[in-house]
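The values are calculated or read from the model by the stated rules, or taken from the named source; none is laboratory data. Not measured: the values here are computed from a predicted model. All Cβ positions, glycine included, derive from the backbone under ideal geometry; neighbour counts span all protein chains shown.
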Amino acid sequence: MNDASIACIESLRDFFSASNAMELEDAAVRIAGSVDAVIPPDTDWTAVEYEFNRLFVGPAAVPAPLHASAYCESDRALMGTAALEARRLYHQLGLAVPREGVIPDDHLAFELEAMIVLKSALGADAPPSDDAKALHAWFVHEHLARWLGPFILATRAHASADGVTAMAVDALAAWFDKELNTTAAPLPE
């Protein structure tokens, strides 16, 4: 497995799970390094945190929720089918979200963590199992593909055009586009 690819996914995971300006800065600097972007030295990280919270956290209704269920469920309710699908995948990988059943399983950061585990399994020294290949293909083409596009569009529509959040979501879009184009679609059942 390409260490740079894993590092990029880890940086994205850390950005979308950040809880303060310092964590956002750390992750954003790593993302920028992985995509050859430049973050202006005078960036106001408190403003970046404000935008992050406005877009993704709240307390008001957010324009770009970080949960698959918000895009996959007809009523945009959290903890729906998409969250249960993610939970099943995590269990197959030996993972679980903290406080399972309380915190929605389909948060972008958890899904990126699952992708790290999948990519690591595919890049291990031994040839990957057919099960690992099938899980990876399903996760990319059947799960992530249903919601990352709308999430990226919603973020781009509401984020500052040249801001740090836009840079991070552009990196997410580029990574996912590459993932879609290099992963074979799952075989029909």
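Residue-wise test of (1) touching a helix residue (DSSP H, G or I) at 6+ places or on another chain (Cβ under 6 Å); (2) at positive phi; (3) of a type in the set (A, V, I, L, M, F, W, C).
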{"position": "PHE56", "(1), (2), (3)": "no, no, yes"}
{"position": "PRO59", "(1), (2), (3)": "no, no, no"}
{"position": "ALA64", "(1), (2), (3)": "yes, no, yes"}
{"position": "HIS67", "(1), (2), (3)": "no, no, no"}
{"position": "ASP75", "(1), (2), (3)": "no, no, no"}
{"position": "ALA83", "(1), (2), (3)": "yes, no, yes"}
{"position": "ARG88", "(1), (2), (3)": "no, no, no"}
{"position": "HIS91", "(1), (2), (3)": "no, no, no"}
{"position": "LEU95", "(1), (2), (3)": "no, no, yes"}
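Could you please find all residues in the stretch 30-50 being under 22 Å from TRP175 (Cβ atoms) and of a type outside the set (Ser, Thr, Tyr)?
The answer is ARG30, ILE31, ALA32, GLY33, VAL35, ASP36, ALA37, VAL38, ILE39, VAL48.
Name the single residue that is surrounded by the most Cβ atoms within 10 Å (Cβ to Cβ) among those in the stretch 9-36 being in a loop (DSSP other than H, G, I, E, B) and without any contact (Cβ under 8 Å) to a residue 40 or more places away in the chain.
ALA18
Given the residues ILE39, ILE6, which is the only one that is surrounded by fewer than 20 Cβ atoms within 10 Å (Cβ to Cβ) and closer than 19 Å to GLU113 by Cβ?
Every option except ILE6 fails the conditions.
Residue by residue through the stretch 73-104, note down the ones that are of a type in the set (Ser, Thr, Tyr) and either in contact (Cβ under 8 Å) with a residue 12 or more places away in the chain or surrounded by 13 or more Cβ atoms within 10 Å (Cβ to Cβ) (or both).
Residues satisfying the conditions are THR81, TYR90.
Of the residues that make up the stretch 146-158, is at least one of a type in the set (Gly, Ala, Ser), part of a helix (DSSP H, G or I) and closer than 21 Å to LEU95 by Cβ?
Kept after step one, since they are of a type in the set (Gly, Ala, Ser), are these residues of the stretch 146-158: 149, 154, 157.
Checking the rest, the ones that are also part of a helix (DSSP H, G or I) come to 149, 154, 157.
Still in the running and closer than 21 Å to LEU95 by Cβ: none.
No, every residue in the stretch 146-158 fails to be of a type in the set (Gly, Ala, Ser), part of a helix (DSSP H, G or I) and closer than 21 Å to LEU95 by Cβ.
Run down HIS143, HIS107 and say which single residue is under 24 Å from ILE31 (Cβ atoms), touching a His at 6+ places or on another chain (Cβ under 7 Å), surrounded by 17 or more Cβ atoms within 10 Å (Cβ to Cβ) and modelled with pLDDT of 90 or more.
HIS107
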